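Everything on this sheet refers to the single structure shown next.
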Amino acid sequence: MQRKKKNRTYYLKWLAGVLLLAALVMGIRLFLVESLHLSTDSMETSLHQGDFVLLDKTPFGKQPKRNATMMFYSPLRKDTVHPPVFVSRCIALPGDTIRVTHTGYRINGKEYPHSPHAQASYFMANHGKEAFIRLLKKLPERSREWKAVDGGITCVLTSFEAYQIKEELPAYLRSYFRMYSSPDYQFIVPQKDRAYALDSLSLLACREAILNETEGKAVFKDGKLFLDGKQTNFFFFRQNYYWFLSDYRDVAIDSRHLGIIPEDHILGHIFFCWYSSDKNNRFTRVK
């Protein structure tokens, strides 16, 4: 009987040790460091699709430094239920000024081009309408819609789709096809506990953030912001925001598509690659 009691005590201790170890591992993965298998090529060639990396999930790791490689999930309200996760490099910090032009972005004096997959409105004059519509039919269904305007037709295309169409258009029609130029604007990346002046153009960049912070109660009308039925030219942001750009900008999704990223959507800092198909990337600190 005494022997059975000793065996039971031994197994109970063994089980308690296993459970404690499992809890410790889970705690480390949930709150400290997690090993991840990258399924994206957004950071080529700093990181490769299929690399195994370590993610710093501590409060310190969730505070982006400039040029740090971060993981975050989509801030778009349409992605609330199952938000996709992205990996990008932190380019702009709270308080930085970003200038948006028809050719790209200027951040801290450095120029970044638009993604070939960023959308814009394009115009084709009536001279090339028929040829243009034939080429539109070759594109994905999303890009086939067009509407008539004075002197021609317009549609929304990505930069790459517009390039494809221009290449296939007869040379004499190419001068009639152009992108609608949108006005340049600039905005300051919101910083916690600071009120920002907003105009109709800077509202474009901050619209999603304001909707999230007001739980969808903000109203935008004629390029103006209304809170509780009253127009306001200022908004007091409750958290810090960041601007991310991926190294492989031709195909990646980042702030050019998602806008400014709130701090509570940041999952952590990717700081170490412990396995990669590229031998030069194995057991290296991520730059």
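The values are calculated or read from the model by the stated rules, or taken from the named source; none is laboratory data. Being a predicted model, the structure only gives us computed values, none of them experimental. Virtual Cβ from ideal backbone geometry, glycine too; neighbours counted across all protein chains shown. Remember, those area values only see protein heavy atoms, side chains included, never the ligands or the DNA or RNA. Shrake-Rupley method; radii C 1.70, N 1.55, O 1.52, S 1.80 Å.
For the reader, a short list of remarks on this structure follows.
- Scanning the range 79-114 for residues that are of a type in the set (D, E, K, R), farther than 19 Å from residue 204 by Cα and at pLDDT 90 or above yields a single hit, 89.
- Residue count for the range 182-201 satisfying the condition of being touching a Cys at 6+ places or on another chain (Cβ under 8 Å) and touching a residue at least 40 places away in the same chain (Cβ under 8 Å): 3.
- Top-ranked residue of the range 217-252 - restricted to ones that are open to solvent by less than 40 Å² (accessible area, probe 1.4 Å) and at pLDDT below 90, ranked as farthest from residue 40 (Cα to Cα): 223
- Residue that is least open to solvent (accessible area, probe 1.4 Å) [pool: residues in the range 180-210 that are among the aromatic types (Phe, Trp, Tyr) and under 26 Å from residue 159 (Cα atoms)]: 187
- Matching residues, the range 158-194, being part of a strand (DSSP E or B) and within 22 Å of residue 125 (Cβ to Cβ): 158, 177, 178, 179
- Lone qualifier among 55, 76, 136 - being modelled with pLDDT under 90 and under 14 Å from residue 266 (Cα atoms): 76
- Once the range 60-100 is narrowed to residues that are hydroxyl-bearing (Ser, Thr, Tyr) and assigned to a loop (DSSP other than H, G, I, E, B), the residue that is least open to solvent (accessible area, probe 1.4 Å) is 74.
- When we screen 117, 127 for residues that are under 24 Å from the mean Cα position of the chain (by Cα) and at pLDDT below 90, the only hit is 117.
- Of residues in the range 15-52 being among the small types (Gly, Ala, Ser) and under 26 Å from residue 107 (Cα atoms), the one modelled with the highest pLDDT: 42
- Those residues of the range 238-287 which are small (Gly, Ala, Ser) and part of a strand (DSSP E or B), in sequence order: 268
- Scanning the range 32-47 for residues that are part of a loop (DSSP other than H, G, I, E, B) and open to solvent by 30 Å² or more (accessible area, probe 1.4 Å) yields 32, 39, 40, 41, 44, 45, 46.
- Residue, nearest to residue 71 (Cα to Cα), within the range 253-285, restricted to residues that are surrounded by 14 or more Cβ atoms within 10 Å (Cβ to Cβ) and among the small types (Gly, Ala, Ser): 268
- Where a residue in the range 127-144 is β-branched (Val, Ile, Thr) and its partner, wherever it lies, is at pLDDT below 90 and open to solvent by 100 Å² or more (accessible area, probe 1.4 Å), with Cβ under 9 Å and at least six apart: 133/144; 133/146
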